[in-house]
Amino acid sequence: MNASPLVIVGASYAGTQLAASARELGFDAPIVMLGDERHAPYQRPPLSKGVLTGKTTLDSLPLRGADFFDVQGIDLRLGHRATALNTGAQTLTLDDGSILKYGTLALATGARCRPLPVTGSDLEGVFNLRTLDDALRVSDALSKATRACVIGGGFIGLEVASALAARGASVTVVESQPRLLARSFPPLMSEYLANAHRQRNVELVLGRGVRALSGASGRVEHVELDDGRRIDCDMVVLGIGVQPNVELAQQAGVACDNGILTDALGRTSAPNVIAVGDVANTEAPTTPGGPARMRLESIQAANDGARAAASALAGKPQPFEGVPWFWSDQHNLKLQMAGLAMPGDEVIARGDMQTDRFSLFYLREGAVVAAHSVNRPAEHMLSRKLIARRVRIDPQQLSDESFDLKTL
Ligand SMILES: Cc1cc2nc3c(=O)[nH]c(=O)nc-3n(C[C@H](O)[C@H](O)[C@H](O)COP(=O)(O)OP(=O)(O)OC[C@H]3O[C@@H](n4cnc5c(N)ncnc54)[C@H](O)[C@@H]3O)c2cc1C
């Protein structure tokens with residue numbers, strides 16, 4: 001065995017997939033994986049969904065079986081935080097003062113919740129949602145609350161709102177943009193989602209900022225809006241986005257810009273340092289009019305980026321060239337998104353939006369570049385193939401439900 005270990009900082013999707021794929025591809029150096037959480041790697045998507053509604057049990061959360069890390073020869077060290085990186089000496093300092101020498105270092109440090117910069121955001125009853133411990137705190141608070149306010153109408157905020165409403169709380173979502181998910185969706189889809197939430201007893205306040213959170217005896221009781229309105233509540237969940245955990249890299253002089261900059265194989269500006277997952281801002285496969293780099297916050301991107309990085313580690317470099325995809329569960333709606341839509345794409349609807357079963361396809365230069373499906377999993381799977389093959393299609397055929405897309 002090669003004596004220089006692969007040290008992975010961050011024990012979640014990207015770190016675990018990197019270690020697993022490296023082993024699959026024959027990488028035989030020691031692997032050490034550090035995680036600052038106390039739990040073995042677990043699934044995060046259920047934290048804003050089934051864990052809050054009670055439909056997901058905690059024993060179903062682990063990412064891998066109990067003996068996976070032992071069997072694969074991966075030295076998983078939980079409850080350890082890396083605090084400093086020296087890329088010249090190839091060492092990592094841990095929070096207990098110990099120093100680890102690495103052959104290759106993988107930064108899989110993910111992201112953390114963006115703080116809400118207003119007074120009162122540290123009151124009791126105000127929650128972030130990123131970790132399992134966060135979800136357990138939210139779930140516990142919910143069992144005593146009747147009125148919840150969710151700040152942020154993005155995917156996580158809307159999933160949380162759905163789960164809280166399902167648990168019987170009266171829920172208000174405050175979103176500063178004039179429409180929901182304005183960065184990801186065109187107005188048509190934002191409007192559909194806003195109606196869907198309102199019909200399911202979620203109140204939406206759009207286009208309004210939060211001025212302060214306030215309450216008596218240190219507990220949150222109100223969300224104060226910038227137009228002077230006050231929303232009464234027993235708990236607040238913040239869902240205003242995340243920021244990548246770049247500090248280790250930044251302090252060591254590794255190039256960062258909205259994440260750690262990497263090539264398509266996860267390689268950073270520092271020798272023998274790679275970055276994968278939510279923390280990495282990676283060179284994107286070229287698509288006409290598409291972005292040159294992407295920092296995607298999704299399971300697919302974390303896993304596929306880690307697989308690509310592992311292929312390079314094992315000496316069989318294979319960049320990810322597939323289609324990015326993502327999903328979100330809100331109320332009884334399964335949203336599935338494939339590809340990257342851009343302003344200016346032609347939007348074609350297939351199916352009736354009123355029935356909660358439809359897809360929106362996005363065409364650029366006549367070819368399918370993205371698709372957003374609601375309760376149409378088969379169409380979502382098909383859309384991934386159409387996008388990957390850059391299939392050109394007549395918009396009329398696309399909107400005609402009697403036309404079988406499989407023939408394409
Ligand atoms: C509530 C919620 C719901 C989501 N739902 C979906 C969904 O439906 N679909 C989807 O595709 N994606 C979803 N996501 C996003 C998805 O979970 C992330 O894209 C994914 O977790 C990224 O994996 P990662 O390994 O890059 O980072 P993370 O999962 O963020 O893991 C990074 C780990 O590194 C640890 N760490 C950081 N710094 C250090 C350090 N210095 N030393 C040691 N450890 C450190 C962190 O504590 C963390 O445990 C959701 C996320 C959340 C929070």
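Quick notes on this structure:
- In the assembled protein chains, TYR362 presents an accessible area of approximately 0 Å² (probe radius 1.4 Å).
- Distances between every pair of Cα atoms in segment 332-375, grouped in 10 Å steps from 0 to the bin holding the largest one, split as 32, 50, 17, 1 percent.
- Long pairs among LYS334/LYS385; LYS316/LYS406; LYS334/LYS406; LYS49/LYS101; LYS144/LYS334, criterion Cα-Cα beyond 30 Å: LYS316/LYS406; LYS49/LYS101
- The VAL71 and VAL391 beta-carbon pair, evaluated with R₀ = 51 Å, returns a calculated FRET efficiency of approximately 0.75.
- Difference of contour (0.36 nm per residue) and Cα-Cα distance, LEU188 to GLU346: 55.7 nm
- Alpha-carbon Debye profile of segment 332-407, log10 I(q)/I(0) at 0.13, 0.14, 0.17, 0.20 Å⁻¹: -0.32, -0.37, -0.55, -0.78
- With every protein chain in place, segment 332-407: carbon and sulfur % of accessible area (1.4 Å): 50 percent
- The phi torsions of segment 265-279, fed into the Karplus equation with coefficients 6.51, -1.76 and 1.60 and a -60° offset, translate into couplings of 9, x, 6, 9, 6, 9, x, 6, 10, 10, 9, 9, x, 4, 7 Hz, rounded to whole numbers, with Gly and Pro shown as x.
- The alpha carbon convex hull volume per residue for segment 227-370 rounds to 199 Å³.
- Environment charge of CYS256, counting only residues whose C-beta is closer than 13 Å and scoring Lys/Arg +1, Asp/Glu -1: 0
- Overall form of the chain per C-alpha gyration tensor (a/c, 1.5; a/b vs b/c): oblate
- Taking the chain and dividing mean pair separation by its residue count, relative contact order in percent (alpha carbons under 8 Å, at least six apart): 14 percent
- Cut-off under 5 Å, modelled amide H: who pairs with LEU63 long-range: TYR42, GLN43
- When only Cα pairs below 8 angstrom with a gap of at least 6 residues are kept, segment 115-240 shows a relative contact order of 36 percent.
- Normalised by residue number, the volume inside the convex hull of the Cα atoms of segment 73-125 is 160 Å³ per residue.
- Label-point separation, ARG230 to LEU408 (7 Å along Cα→Cβ), nm: 5.4 nm
- Protection proxy ranking, peptides 176-188, 19-31, 394-406, 260-272, average beta carbon neighbours within 10 Å, highest first: 260-272, 19-31, 176-188, 394-406
- In this structure, the amide hydrogen of ALA264, modeled 1.01 Å from its nitrogen in the peptide plane, lies closer than 5 angstrom to those of GLU283, counting only residues at least 5 positions away or on a different chain.
- Cα-Cα P(r), segment 115-240, percent of pairs per 10 Å interval: 14, 49, 33, 5, 0
- For segment 94-110, backbone phi angles converted through the Karplus equation (6.51, -1.76, 1.60; θ = phi - 60°) give residue-by-residue couplings of 9, 5, 8, x, 6, 10, 10, 8, 10, x, 10, 10, 10, 8, 10, 7, x Hz, Gly and Pro being listed as x.
- Solvent-accessible area of segment 115-240 (1.4 angstrom probe, protein heavy atoms only): carbon and sulfur portion equals 46 percent.
- If you plug the beta carbon distance of VAL118 and ALA29 into 1/(1 + (r/R0)^6) with R0 = 35 Å, you get a FRET efficiency near 0.15.
- In sequence order, calculated HN-Hα J values of segment 64-74 (Karplus, 6.51, -1.76, 1.60; Hz; x Gly/Pro): 9, x, 4, 9, 3, 5, 5, 4, 7, x, 10
- Antiparallel %, DSSP beta bridges [both residues in segment 115-240], to 5: 30 percent
- Taking the centroid of alpha carbons for each part, segment 63-125 and segment 197-254 are 26 Å apart.
- For the peptides 342-349, 374-381, the ranking by mean Cβ contacts within 10 Å, running from highest to lowest, is 374-381, 342-349.
- Å² per residue, accessible surface of segment 332-407 at 1.4 Å: 50 Å²
- Hull volume in cubic angstrom per residue (convex hull over the Cα atoms of segment 204-248): 119 Å³
- DSSP beta bridges fully contained in the chain are about 55 percent antiparallel.
- Helix-only [θ]222 nm of the chain, DSSP H runs n ≥ 4, -39500 (n - 2.57) each, per residue, nearest 500: -6500 deg cm²/dmol
The values are calculated or read from the model by the stated rules, or taken from the named source; none is laboratory data. Bear in mind that the values here come from a model prediction, so they are computed numbers and not experimental data. Cβ sites come from the backbone with ideal geometry, for glycine too, and all protein chains shown count toward neighbours. Keep in mind that these areas ignore ligands, DNA and RNA; they rest on the heavy atoms of the full protein, side chains included. Shrake-Rupley method; radii C 1.70, N 1.55, O 1.52, S 1.80 Å.
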